[in-house]
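The values are calculated or read from the model by the stated rules, or taken from the named source; none is laboratory data. Bear in mind the structure is a predicted one, so any value in this text is a computation, not a measurement. When we count neighbours, we look across all protein chains shown, and the Cβ atoms used for this are built from the backbone with ideal geometry, even at glycine. When the accessible area is computed, the model is the full protein with side chains, heavy atoms only, and any ligands, DNA or RNA have been set aside. Shrake-Rupley method; radii C 1.70, N 1.55, O 1.52, S 1.80 Å.
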Amino acid sequence: MTPVAELVQIDLSPRKPAKKPEWLKARAPMGETFHNLKKLARELNLHTVCESAQCPNIGECWNHKTATFMMLGNLCTRRCGFCAVPKGRPEPIDHDEPRRVAYAVAQLGIAHAVITSVNRDDDNIGAARAFVSVIEEIRKQAPECQVEVLTPDFQGVDEALRLVVNARPEILNHNIETVPRLYRVAKSGGRYERSLGFLANAKAIAAEKGNTIVTKTGIIVGMGEEMHELLAVFRDLADRKVDILTVGQYLRPSRDHLPMSRYYTPEEFAFLKHEALGMGFRHVESGPLVRSSYHAHEQAQSTGLK
């Protein structure tokens, strides 16, 4: 039986929407590169997490030629309480999708491609092979492009993680998302210890062949966590030698999603960055509008990747 202290209470009563602070306002997306990327994605039947997850930085990132392509369909097999990506039973894996993603990367001259996917708990090995294929295809079609993969946890299947690590992406990203206490309501199907193990095992698998790999993770704040819980998560991640940490504000996608508890101030984000850097992270991106792939190219450079 779950102890009472661990239960998460969610207030479902109607409330007046809080006005967004000035620091949470982003420019409306526009510009030639933005429109070209959107047009090409439609023509190639590709999804971007920038659109599916309603990212506030879509205009800035796309105009700087950084985009996050989302593979394996647009329906996720998990129902995470914070996420705007549609949920449902996915279609069969499209094995030509990695080639089309690489073609889009090459056509747009993208310097740093971030590739993510929905969760495919129906076929973890197939999902991992899709990541391997897209890494290989980008190497062929856009050899100057750096590849960052943002993967699900593959339900802890070791073979799936090994496949991706051995394909040697420049950065392996897996988001921890929130503090352990909130996993039941925020990260459905996820396990905190499993995600920690995933990040640690990626380093160990690379080392088996004498290689190194840059690991990265992200967390969103404002879902009801406490500051001391965040710092405890940072310490757990630092103990696993995670290189890059991103911290951003949770923005409730709709009334059907987990309520937002509060806005963090820029000063609090600066405090979290200071504390995390003191724990040994090589790069920390912390701010209200930060998302996992925000300034991804600069993050890569800060770790020594060229």
TODO: Between beta-carbons, use under 14 Å as the cut-off and find the net charge around residue 177, counting Lys and Arg +1, Asp and Glu -1.
DONE: +4
TODO: List the equivalent ellipsoid semi-axes of region 168-230 in whole Å, largest first, each obtained as the square root of 5λ for an eigenvalue λ of the Cα gyration tensor.
DONE: 27, 11, 9
- [ ] Set the Förster distance to 41 Å, then compute FRET efficiency between residue 279 and residue 122 from the Cβ-Cβ distance, nearest 0.05.
- [x] 0.65
TODO: Kindly rank 107-120, 157-170 from highest to lowest mean number of other beta carbons found within 10 Å of each residue.
DONE: 107-120, 157-170
- [ ] Between residue 231 and residue 107, with labels modelled 7 Å along Cα→Cβ, what's the label distance in nm to one decimal, could you check?
- [x] 5.0 nm
Open item on the list: Not counting ligands, DNA or RNA, and with a 1.4 Å probe, what is residue 252's accessible surface area in Å² rounded to the nearest 10?
Closed with: 90 Å²
- [ ] With a probe of 1.4 Å, find how much accessible area region 157-306 has per residue, and write the answer as a whole number in Å².
- [x] 42 Å²
Open item on the list: Please report the carbon-and-sulfur percent of the accessible area for region 153-233; probe 1.4 Å, protein heavy atoms only, DNA, RNA and ligands left out.
Closed with: 48 percent
